[in-house]
1. Considering only region 118-165, state which residues are modelled with pLDDT of 95 or more and in contact with a His (Cβ under 7 Å, 6 or more places away or on another chain).
2. Please name all residue pairs, on different chains or six or more residues apart, with Cβ atoms under 8 Å, provided the first residue is in region 236-248 and is closer than 13 Å to Lys298 by Cβ and the second residue is in a helix (DSSP H, G or I) and aromatic (Phe, Trp, Tyr).
3. Could you list, in sequence order, all residues of region 260-288 that are within 16 Å of the ligand (Cβ to nearest atom) and of a type outside the set (Ser, Thr, Tyr)?
4. Only residues that are farther than 25 Å from Arg60 by Cβ, more than 26 Å from the chain's Cα centre (by Cα) and part of a loop (DSSP other than H, G, I, E, B): list them for region 258-304, please.
5. Going by the conditions given, is Glu215 modelled with pLDDT of 95 or more and surrounded by 15 or more Cβ atoms within 10 Å (Cβ to Cβ)?
6. Collect the residues in region 249-304 that are loosely packed, with under 10 Cβ neighbours inside 10 Å and in contact (Cβ under 8 Å) with a residue 60 or more places away in the chain, keeping them in residue-number order.
7. Looking at Glu59, Glu84 in this structure, which one is part of a helix (DSSP H, G or I), of a type outside the set (A, V, I, L, M) and more than 20 Å from the chain's Cα centre (by Cα)?
8. May I ask you to list the residues in region 119-132 that are over 20 Å from Trp80 (Cβ atoms) and either touching a residue at least 40 places away in the same chain (Cβ under 8 Å) or in a helix (DSSP H, G or I) (or both)?
Amino acid sequence: MYDIFTRIREGLEAKESRRIPTKTLLNLNPSSQACIDLSTNENMGTCLRQIWFNKNDFERTNTMPVNNISNLAGNWYEDWFVSELKNCGLYYNSSFPATDPQRLVKGIVDVALLNPVSSEIELGEVKSYDGSNYYGSQSVLGNKTIKPKPKDKHLLQAFRYSLIFKETIKVNNLFYVDRACSTWNKNKQFKIELNTINGISYPKISTVWNEEYYEYTDTRISDKGIYLAEETLLEYFGTNTVPPRDFIEEYSSAIIEEKYASKEIPDYLYTKHKRDPLNNPIGSSSCKYCPYSKGLCKTYEDSL
Ligand code: SF4
C-alpha cells in the first residue's frame, strides 16, 4: 500500500520549512503586539526582546516539532469562515492592510463584514482553537463559573486594528472556530469596541455567557499602553540595543513558592518540579513558547 497520509504530511512539512523569513523594511505587526499595562507598568503582550530578536533575524534556539495537523493546515479555517460569510451575504472584504505609519505598524485584517442589524461595516479576526482539549476550550469558552474570554494575544491584535480604523469602524469581532468541529456552541464570538475613560481607550468585550449577554472592559490593555510599548521598541531598534527581558524563563524557588501559594502554578506542575527541579524548571509561559528561549535569550545580559 502506498502511504498517502505520509506523503501528504511530508508535502505540508516541506512547504513549512521552505517558508524563509524575508528581510524587509522594519515594521511592527499587531499579531505580535506588545502593550504596557498602565497599572503595573509591565508589558502584558509579546516580549519586546522577542520582537527585537525576530526583526533582527536572530536564529531560533527553541524550535518545536510540528505534530499537530492543524498547525500545518494554515488558513483552512479562516478560508472556510470567509466563504461562509459570502454564502450568507455578509461578506465585505478580506485580507486587507491596516497601517499606522507613524509607529511603523503594518498588519493584515482577516475580514470586514456587513452587520445586517446595524447596517454597519465591522472588522473580524478569525482564530481557530482545539475545542476537544479541555483546558484549551475552557480558557476561551469558560464554564458555569469561569467567564469566557479571548486570548490576550488575539485581543491585542484585534484592539490594535480597532485603533487604526477607529474613525470609520466602531466594532471588531474575534471569531474562534473549533478545529475539532464538534458542536456549534464550541465556536465563539467576542465583540470588541473602544471604551474611552478620561481620554484613554480600553477594549470593551461583549459575548454570551451562560446564555446571557455579558460585557467587561479589560483595563490592562489601552491605546496609551500600546503606543508606549511601540515607541519604546522603536527606540531600541534606533539605538540597536537589545531590550531587557519582559518575562522570566526560569523562576527562582522563592517565586515558585509564591506563585504556587497564590494558585498561579497548578499542583501537577509544582509536584513535577519538586521531584526533579533541574529537569522540570518553571517559568513564564511566554518564554516557554518563545523561539529564542533555551539559548539565545540567556546569552544576553539582562536587567532582571
Ligand atoms: S525567552 Fe522570555 S524573556 Fe527571553 S525573549 Fe523570549 S519571551 Fe522574552
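1. Glu125, the sole residue that qualifies.
2. Listed by first residue and then by second, the contacts come to Val242/Trp52; Val242/Phe53; Val242/Tyr236.
3. Matches in region 260-288: Pro281, Ile282, Gly283, Cys287, Lys288.
4. Answer for region 258-304, where residues must be farther than 25 Å from Arg60 by Cβ, more than 26 Å from the chain's Cα centre (by Cα) and part of a loop (DSSP other than H, G, I, E, B): Asp276, Pro277.
5. No.
6. Listed by number, the list holds a single entry, Leu304.
7. Glu84
8. Across region 119-132, the qualifying residues are Glu120, Ile121.
The values are calculated or read from the model by the stated rules, or taken from the named source; none is laboratory data. Quick caveat: nothing in here was measured; it's all calculated off a predicted structure. Ideal geometry is used to build each Cβ from the backbone, glycine not excepted, and the neighbour counts take in all protein chains shown.
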